[in-house]
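Take a look at the structure set out below.
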Amino acid sequence: MIEGQWYAPGSGLDEVLPIRQAVLRRGQDATDALAWNVVVRQAGVSCATGRLWWQDGAFWLGEMAVLPEHRHQGLGDLILRLLLFKAQSHAARMIRLECQLGLTGFFARLGFQVEQADASAVTMALPGDRICLDTCQGCRKDCPNRR
Ligand SMILES: CC(C)(COP(=O)(O)OP(=O)(O)OC[C@H]1O[C@@H](n2cnc3c(N)ncnc32)[C@H](O)[C@@H]1OP(=O)(O)O)[C@@H](O)C(=O)NCCC(=O)NCCS
């Protein structure tokens, strides 16, 4: 079974931080006092996380991490969708994130576009009215859902 759990700012860090530390080599920071964190568990094992917070006129998402042994099963996509659903439920006008250049394709799948880039990081943005959580829209796979 796969389950997701949201944590209000400042809570749930005992479950979030081991995943963040294992994947991103980063621990708690000042943004955790402002951010909603989400954790996904697979068969009871906490294996993926990410967070969402409000700053400078936009919602930001970040610290997305999936434990290596749980990747390529759609859990990163699930975390991203949970974060976007949360932003949407707060009537977000703009959602932004910073990522490495090699990850832009992952976020572009759900509509993020590059807003700014330098050698080390890329800022991507998605207007709230363009959030689309319909799995099938834009997908070119030939699966039974399309027929
Ligand atoms: C990036 C990360 C979260 C993806 O998690 P994941 O669970 O392996 O990804 P998923 O299985 O949900 O992949 C969903 C889709 O995104 C695609 N995808 C995954 N990584 C991608 C990348 N770097 N570039 C483009 N597409 C990517 C997958 O191919 C898959 O596509 P499909 O549905 O057409 O098959 C994970 O690799 C990770 O934790 N990386 C290290 C930490 C990191 O870089 N975090 C981001 C900080 S902003």
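Note down all Cβ pairs under 6 Å where the first residue falls in the stretch 1-21 and is loosely packed, with under 14 Cβ neighbours inside 10 Å, the second is of a type in the set (K, R), and they're at least six residues apart or on different chains.
Listed pairs, sorted by first residue: E3/R41.
Answer yes or no: is there a residue in the stretch 35-56 that is out of contact with any helix residue (DSSP H, G or I) (no Cβ under 6 Å at 6 or more places or on another chain), within 9 Å of the ligand (Cβ to nearest atom) and not small (G, A, S).
no
Residues being under 17 Å from G12 (Cβ atoms) and away from the ligand (no atom under 11 Å from the Cβ): count how many of those fall in the stretch 57-69.
Residues that pass the stated criteria total 0.
Kindly provide the set of residues from the stretch 81-103 that are in contact (Cβ under 8 Å) with a residue 24 or more places away in the chain and of a type in the set (G, A, S), ordered by number. Break it down into steps so the answer makes sense when it comes.
Kept after step one, since they are in contact (Cβ under 8 Å) with a residue 24 or more places away in the chain, are these residues of the stretch 81-103: 81-88, 90-99.
A87, A91, A92 - these are the residues of the stretch 81-103 that are in contact (Cβ under 8 Å) with a residue 24 or more places away in the chain and of a type in the set (G, A, S).
Quick test for you: out of L75, L61, pick the one residue that is touching a Cys at 6+ places or on another chain (Cβ under 8 Å) and surrounded by 15 or more Cβ atoms within 10 Å (Cβ to Cβ).
L75
For R25, are the conditions met, namely being under 21 Å from F106 (Cα atoms), surrounded by fewer than 13 Cβ atoms within 10 Å (Cβ to Cβ) and without any contact (Cβ under 8 Å) to a residue 40 or more places away in the chain?
Yes; evaluated as a whole, the condition is true for this residue.
Select the strands (runs of 3 or more DSSP E) contained entirely in the stretch 35-147, then report the ones holding at least 1 residues which are within 25 Å of I2 (Cβ to Cβ). Full working, then the answer.
Values: elements: 36-42, 45-55, 58-66, 94-99, 113-117, 122-127.
By residue number, 36-42, 45-55, 58-66, 94-99, 122-127.
Identify all residues within the stretch 87-139 that are buried (at least 17 other Cβ atoms within 10 Å of the Cβ), more than 14 Å from the chain's Cα centre (by Cα) and within 13 Å of the ligand (Cβ to nearest atom); write none if there are none.
Matches in the stretch 87-139: V122 only.
Being away from the ligand (no atom under 13 Å from the Cβ) and farther than 25 Å from R25 by Cβ, is that true of even one residue in the stretch 70-84?
Yes.
Which pairs do you get when a residue that is on the phi > 0 side of the Ramachandran plot, found in the stretch 105-128, comes within reach of a residue that is among the hydrophobic types (A, V, I, L, M, F, W, C), reach meaning Cβ atoms under 8 angstrom, with the pair 6+ apart or on two chains?
G111/L126; G111/I131; G111/C132
FYI, it's all coordinate maths here, none of it is from the lab. Small disclaimer: the values here were computed from a predicted structure and weren't measured. Here Cβ is always computed from backbone atoms with ideal geometry, including for glycine, and neighbour counts include all displayed protein chains.
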